[in-house]
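The values are calculated or read from the model by the stated rules, or taken from the named source; none is laboratory data. Predicted, not measured: the structure shown is a model, and the values here were computed from it. As a convention, Cβ positions derive from the backbone with ideal geometry for all residues, glycine included, and neighbour counts pool all protein chains shown.
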């Protein structure tokens, strides 16, 4: 069992696997190099991006993330303006100021290698970092291989290659209510008897004091809502060259002025504007919450803002906590049984999973039983199966921003359908997760965050 707080990470856009993960990897590499004693004698660093990290790395800001990580920035605490200034200083000086060290040579043009031709052995997002000593030798003095496995999660090659007993990673938290499937989760809810959010909270109690858990989940809520507010107020053109105009502020002004308020479809507009606000912020490199990834970061906040806040946008803590605990519990099933990486599963593993999570969480807020919550999650994924990841220009903009808006509306509808459902559905959540996994494995790599197929090649970049 992972913690739901592992799933919801605060970080900078535009991608959890291509930005947050590489930043954490770079920082970890320096920590390991320092511990081994090799950093003190190093005078150059080389970074090799492999697979999807190379093919869409520039559009996803992976180069910047790597540099920030090597400078010691952490994605959860980095301030965007400060990070931007430090990045430009490093690029201009062609060196990295590493704490406790003299500056290390690093030219992003020659020292970041984009190896899209390399198919990494253990995961599509491979990353090799090398230190070179002052002796001028062509052989690196220290090398490590890592993988960015989606949602900001990272792993060393040694850890990822380690055999797991019965294909299950040991529960480091020793959760009292450990579950490896939706069926096991539902059985626990029936035998305890506990609601899903209460069961998840009991597992979190084994990791930390309950008040600390509440404080952290409330911080996640507040960060999501703050991201929405920034996105609703910030206008302009998104970076990257596609000249995509931010649309959320204009739509928000129209809604505030009362345009279309008497239309039944106005609900769609409110859900759309909240989701798009988040993903426009993400595309601009703003602070977002992986939910479960940056590319799908708009769906949960949009549902939370519309259904777990009062008319002024102030969160109703009891609703927001229930929503995130249940959503997080469902997200853990996808992370543990399949993947939340677009480079492995396509966008079904990002927007599809977020839609499923939000549907189950909203059903819980509406008073659904555990079985109905899982049914909502199943519906949310069933109708996202096969969704490809084909970002135009390697940027998390087209179709990602609108796709989050559509995924939000789907999530709400999935929750409604589950509440009206009588009896058990014909398809279980476990079955749909396994179907997503198999579909992802069968999907051509050109549809999995490589920008080598789909809209990425059929839309002319301007």
All but one of (1) in contact (Cβ under 8 Å) with a residue 24 or more places away in the chain; (2) at positive phi hold for residue 368, so report the exception by its number. (2)
If I filter the range 410-431 down to residues being in contact (Cβ under 8 Å) with a residue 60 or more places away in the chain and not in a loop (DSSP other than H, G, I, E, B), which single residue comes out as farthest from residue 368 (Cα to Cα)? 430
Residues in the range 33-56 that are assigned to a strand (DSSP E or B) and more than 15 Å from residue 102 (Cα to Cα): how many? 6
Hits in the range 140-160 - residues which are over 17 Å from residue 47 (Cβ atoms) and either over 17 Å from the mean Cα position of the chain (by Cα) or not assigned by TED's automatic domain parsing to the domain that holds residue 45 (or both): 158, 159, 160
Give me the residue from the range 221-250 that is crowded, with 20+ Cβ neighbours inside 10 Å and part of a helix (DSSP H, G or I) and, out of that set, nearest to the chain's Cα centre (by Cα). 224
In this structure, does residue 277 turn out to be crowded, with 24+ Cβ neighbours inside 10 Å and not in a loop (DSSP other than H, G, I, E, B)? yes
Could you pull out the residue among 381, 345 that is farther than 15 Å from residue 297 by Cα, assigned by TED's automatic domain parsing to the domain that holds residue 202, in a helix (DSSP H, G or I) and touching a strand residue (DSSP E or B) at 6+ places or on another chain (Cβ under 9 Å)? 345
For the range 83-102, does any single residue satisfy the condition of being in contact (Cβ under 8 Å) with a residue 12 or more places away in the chain, over 26 Å from the mean Cα position of the chain (by Cα) and part of a strand (DSSP E or B)? yes
Please go through the range 425-438 and pick out each residue that is over 20 Å from the mean Cα position of the chain (by Cα), buried (at least 17 other Cβ atoms within 10 Å of the Cβ) and modelled with pLDDT of 95 or more. 428, 429, 430, 432, 435
With 47, 4, 66 as the choices, which residue is touching a strand residue (DSSP E or B) at 6+ places or on another chain (Cβ under 7 Å) and within 24 Å of residue 291 (Cβ to Cβ)? 66
Whether any residue in the range 284-295 is part of a helix (DSSP H, G or I) and in the same structural domain as residue 335 (by TED's automatic domain parsing) is what I want to check. no
Pick out the one residue from 313, 285 that is at pLDDT below 95 and surrounded by fewer than 24 Cβ atoms within 10 Å (Cβ to Cβ). 285
Residue ID - surrounded by the fewest Cβ atoms within 10 Å (Cβ to Cβ), chosen from residues in the range 331-342 that are over 13 Å from the mean Cα position of the chain (by Cα) and part of a helix (DSSP H, G or I): 336
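Any idea how many residues of the range 316-326 are free of Cβ contacts under 8 Å to residues at least 60 places away in the same chain and surrounded by 24 or more Cβ atoms within 10 Å (Cβ to Cβ)?
Of the residues in that region, 1 qualify.
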Inside the range 57-75, the number of residues satisfying the requirement of being farther than 21 Å from residue 445 by Cα and assigned to a helix (DSSP H, G or I) is 8
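Restricting attention to the range 104-114, and to residues there that are crowded, with 17+ Cβ neighbours inside 10 Å and at pLDDT 95 or above, which single residue is nearest to residue 54 (Cα to Cα)? Before you say what the answer is, go through the steps one by one.
Keep residues of the range 104-114 that are crowded, with 17+ Cβ neighbours inside 10 Å, which gives 104, 106, 111-112, 114.
Subsequent filtering for residues that are at pLDDT 95 or above retains 111-112, 114.
Numbers: 111: 13, 112: 10, 114: 5 Å.
So the residue we want is 114.
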If the requirement is being under 15 Å from the mean Cα position of the chain (by Cα) and crowded, with 24+ Cβ neighbours inside 10 Å, which of these qualifies: 10, 47, 20, 66? 20
